[in-house]
Amino acid sequence: MIPTQGKKQEDLLILLEEAQNKLGYLPEELMAELAKSLDMSISDVYGVATFYSFLSTKPQGRNVIRICKCLPCLLKNAQAIIESVERETGIKPGETAPDGKFSFELTNCIGACDEAPAMMLNNEVHVNLTPGKISQILKACK
Amino acid sequence: MGEITVTINGSQLSGSEGMTILEAAQENGIDIPTLCHRPELTPIGACRICVVEVEGSRTLVGSCHTPITQGMVIYTHSPKVLETRKVIVELLLASHCGSCFMCDKANVCELRRIAADLEVGLPRFRVRKRYYPIEDVSPYIVRDLTKCILCRRCVRACNEIKKARVFGIAYRGFDSKVVVDFDQPIDKDVCQDCDVCISFCPTGALSRVKKLGEEKKGKALVISS
C-alpha cells in the first residue's frame with residue numbers, strides 16, 4: 001500500500017504519516033506490512049502509531065475534531081468546550097459518529113496556548129473557543 | 001582501559017574507563033537500589049530509583065547509565081537522593097494495584113522490597129488506578145498488566161536475550177502499556193518453553209501458568225498413627 005523500497009527503520013514515522021494522509025487511518029494490515037519490510041516487530045510499529053495523536057489506528061469520520069487536553073487549555077476551561085462538542089455531535093472523545101460525519105479526539109498541545117482553549121478541526125486551528133463558537137463552527141461542517 | 005579516580009561518599013576509589021557509576025559503586029561494596037536495571041540488559045534509566053548526586057550536575061543522575069569520569073564526586077545516599085528515591089517509589093506504588101497480600105509474588109516482589117528498604121509508608125498520592133483484564137490465553141505465560149510498572153525489563157529481555165521481539169510499548173502517558181502486536185492478549189508460539197521475560201519481571205505482572213492440582217503431584221504424605 002505504501003512503497004518501502006530502500007526505507008529504513010528511522011523512516012517509519014514518515015511512512016506512517018504518508019499512509020495516514022492517503023488512507024485516513026492506519027489499518028492493521030498496513031502496519032504489519034511495514035513491520036515486515038522494515039524488519040521491526042509489529043508491536044513497535046503499533047507503539048509509534050498509538051503514541052502520536054495525529055496518527056489513527058481506527059477509521060475516522062469526514063471531520064476530525066481535536067481538542068487540546070494540555071494544562072493551559074484546561075485552565076481556560078477546555079472541559080466546557082469538550083462537553084459542548086459532546087452535546088453538538090453526540091459522541092465522546094475517542095469516538096466516531098455512526099454517520100461518519102465527525103470523529104472527536106483529545107490531543108496533546110497544538111501550540112496555541114496563548115489563545116486557549118484551542119482545537120483543530122481537520123487541518124484548521126480554532127482558538128479562544130466558547131460553547132457558542134463551537135456550535136457555529138460545527139454547523140459549517142458537511 | 002585507563003584508570004579513573006572518583007570520589008564516592010567521601011572516599012577515593014578507582015574504576016576503569018567505560019564503567020557506570022553503579023558498577024563502580026557495586027565493585028566497592030556500595031549498594032545502590034535498582035529496579036529497571038539488570039546487568040544482563042541495556043541500561044535505559046527508566047525508573048530513576050538508582051539516582052545519585054554528582055557534584056556540578058544540575059540534576060540527579062541515573063547511576064545505571066552514567067559513565068564515571070575522572071575526578072567525579074558522587075554521593076549515593078545523601079538526604080536529597082534518599083528523599084528522591086522515596087518519592088519515586090511512592091509514585092510507582094500510587095499507580096500500582098497495591099494488594100500485596102493477594103499477590104503471588106508478594107514476598108519476592110522487587111518493588112515491595114525496595115519500598116520496604118526505603119521505608120516508604122502508605123501512599124500520599126491518590127491516582128486513578130488502571131485495571132486490565134488478566135491475559136491467560138497462552139499455555140505458557142500469564143500477564144496481569146495491572147501489576148506492571150513499565151520497567152521494560154520484559155521488553156528488553158525478549159529483544160536482547162531471546163531475540164523474539166514479542167513486546168513493545170504503546171500509547172502515551174498514563175495510558176502507556178506493554179503490548180503484544182496490536183495490543184492483543186499474549187499468545188505466541190515463540191513463548192513456548194521460554195521463561196526469560198517471566199524471570200526478569202520485578203513484580204507479579206508476568207508469571208508461569210499454574211496448573212490446577214500441581215501441589216498434589218509431590219510424593220504422597222503418609223501419616224502413620
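Quick note: the coordinates plus some simple rules give every number you see, no bench work behind them. Note that this is a predicted model, so its numbers are computed, not measured. Positions of Cβ are generated from backbone atoms using ideal geometry, with glycine treated the same way; all protein chains shown enter the neighbour counts.
Annotations for the structure displayed:
- For the stretch B:190-215 versus the stretch B:68-112, the gap between their alpha-carbon centres in whole angstrom: 24 Å
- Within-11-Å neighbourhood charge of residue B:210 [Cβ basis; K, R +1; D, E -1]: -2
- Amide N of the stretch B:1-31 lying under 18 Å from the label point, which is placed 7 angstrom from the Cα of residue B:117 along Cα→Cβ: B:9, B:20-31
- Residue of B:111, B:41, B:93 that the Gaussian network model of chain B assigns the largest fluctuation, springs spanning Cα pairs under 10 Å: B:41
- Mean-square fluctuations from a GNM of chain B, with a 10 angstrom spring cutoff on Cα atoms, peak among B:115, B:170, B:25 at B:170.
- Among the listed pairs A:7/B:163; A:58/B:188; A:76/B:86; A:7/A:69; A:133/B:129; A:8/A:92, a Cα-Cα separation exceeding 30 Å is found for A:76/B:86; A:7/A:69; A:133/B:129; A:8/A:92.
- What separates the Cα centres of the stretch A:110-142 and the stretch A:4-26 is a distance of 28 Å.
- Sites residue B:57 and residue B:174 - FRET efficiency at Förster radius 35 Å, r taken between beta-carbons, to 0.05: 0.75
- Convex hull volume per residue, computed on the Cα atoms of the stretch B:14-66, equals 89 Å³.
- Free-standing Cys, chain A [no other Cys Cβ under 4.7 Å]: A:113, A:141
- Remark: A:85, B:52, B:61 ranked as B:61, A:85, B:52, counting other beta-carbon atoms within 10 Å and listing the fewest first.
- Cut-off under 5 Å, modelled amide H: who pairs with residue A:64 long-range: A:103, A:122
- Proximal aspartates and glutamates to residue B:177, defined as alpha-carbon separation beneath 13 angstrom and excluding residues fewer than eight positions away on the same chain: A:44, B:144
- Its Cα centre serving as origin, the protein assembly as shown has a Cβ charge dipole (Lys and Arg +1, Asp and Glu -1) of approximately 1040 debye.
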